[in-house]
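As structure tokens, the structure follows; a few thoughts come after it.
The values are calculated or read from the model by the stated rules, or taken from the named source; none is laboratory data. Since we're looking at a predicted model, the values are computed, not measured. Please note: Cβ atoms are built from the backbone with ideal geometry, for glycine as well, and neighbour counts cover all protein chains shown.
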């Protein structure tokens with residue numbers, strides 16, 4: 001009888017161990033499946049990380065190229081306007097920068113004889129500001145998407161330009177050149193006689 005009891009106890013223990021082994025094997029299988037899933041996810045994350053890094057690199061290159069194109073286009077056109085009116089080597093420069101997460105864009109002027117460019121707001125020449133602001137306005141209208149159509153109204157566009165007749169004549173001719181190239185109707189409101197003594201269609205209001 002004791003032997004039967006002992007055998008029965010061993011069978012029970014064996015059954016219990018078999019049950020626990022089954023549980024452990026099931027848990028091991030579950031853990032292995034999770035491990036495989038995590039490894040696959042990690043592999044995907046590594047791939048995504050590489051793709052994101054390449055995308056960021058590409059966007060940085062595109063941004064740099066875009067900035068350079070904008071910079072070259074604006075600087076060339078506005079510098080040409082300054083040369084046209086003042087007949088000197090004054091240069092217009094754009095400088096891209098950042099303040100925290102914000103993109104900044106500075107408008108600078110570099111005059112002949114000066115090594116450093118300076119902020120256009122700091123210039124003592126109202127004529128330079130007038131030419132730059134007018135040229136900027138025209139360029140922005142041309143490059144806007146969708147393009148801004150229609151006529152352009154310029155209200156006393158060159159009040160800061162020296163009253164020297166040569167400057168005012170060249171400023172007037174600059175507007176005429178823009179009109180010819182862009183094929184836009186230009187409406188100028190001004191008290192300056194230089195616009196009256198021209199080939200413009202004049203509406204005289206007294």
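Listed here are the strands (runs of 3 or more DSSP E) enclosed by the range 84-191 that have at least 2 residues being closer than 18 Å to residue 70 by Cβ and free of Cβ contacts under 8 Å to residues at least 60 places away in the same chain: 91-99, 102-110.
Output the residues belonging to the range 142-157 that are surrounded by 11 or more Cβ atoms within 10 Å (Cβ to Cβ) and at pLDDT below 80. Full working, then the answer.
Let us first name the residues in the range 142-157 that are surrounded by 11 or more Cβ atoms within 10 Å (Cβ to Cβ), namely 142-143, 148, 152-154, 156-157.
142, 143, 148, listed by residue number.
Hey, any hits in the range 80-90 for a residue that's over 18 Å from residue 144 (Cα atoms), modelled with pLDDT under 85 and within 14 Å of the chain's Cα centre (by Cα)? No, there is no match, as no residue in the range 80-90 is over 18 Å from residue 144 (Cα atoms), modelled with pLDDT under 85 and within 14 Å of the chain's Cα centre (by Cα).
Yes or no, residue by residue, for (1) more than 21 Å from residue 174 (Cα to Cα); (2) in contact with a strand residue (DSSP E or B) (Cβ under 7 Å, 6 or more places away or on another chain):
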site: 110; (1), (2): no, yes
site: 115; (1), (2): yes, no
site: 121; (1), (2): yes, no
site: 139; (1), (2): no, no
site: 145; (1), (2): yes, no
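In this structure, residue 93 qualifies as at pLDDT 75 or above and either closer than 30 Å to residue 113 by Cβ or touching a strand residue (DSSP E or B) at 6+ places or on another chain (Cβ under 6 Å) (or both).
Among the residues of the range 178-204 satisfying the criterion of being surrounded by fewer than 14 Cβ atoms within 10 Å (Cβ to Cβ) and under 21 Å from residue 129 (Cα atoms), which is modelled with the lowest pLDDT? Checking each candidate, the answer is 191. When 100, 160 are screened for being at pLDDT below 80 and farther than 19 Å from residue 194 by Cα, only 100 passes. Filtering the range 22-40 for residues that are within 39 Å of the chain's Cα centre (by Cα), more than 30 Å from residue 106 (Cβ to Cβ), at pLDDT 75 or above and in a helix (DSSP H, G or I) leaves a non-empty set.
Of 66, 60, all but one fail to be under 30 Å from residue 175 (Cβ atoms), part of a helix (DSSP H, G or I) and at pLDDT below 75; the exception is 66.
Against the numbered list (1) at pLDDT below 75; (2) within 30 Å of residue 136 (Cα to Cα), residue 77 comes up short only at (1).
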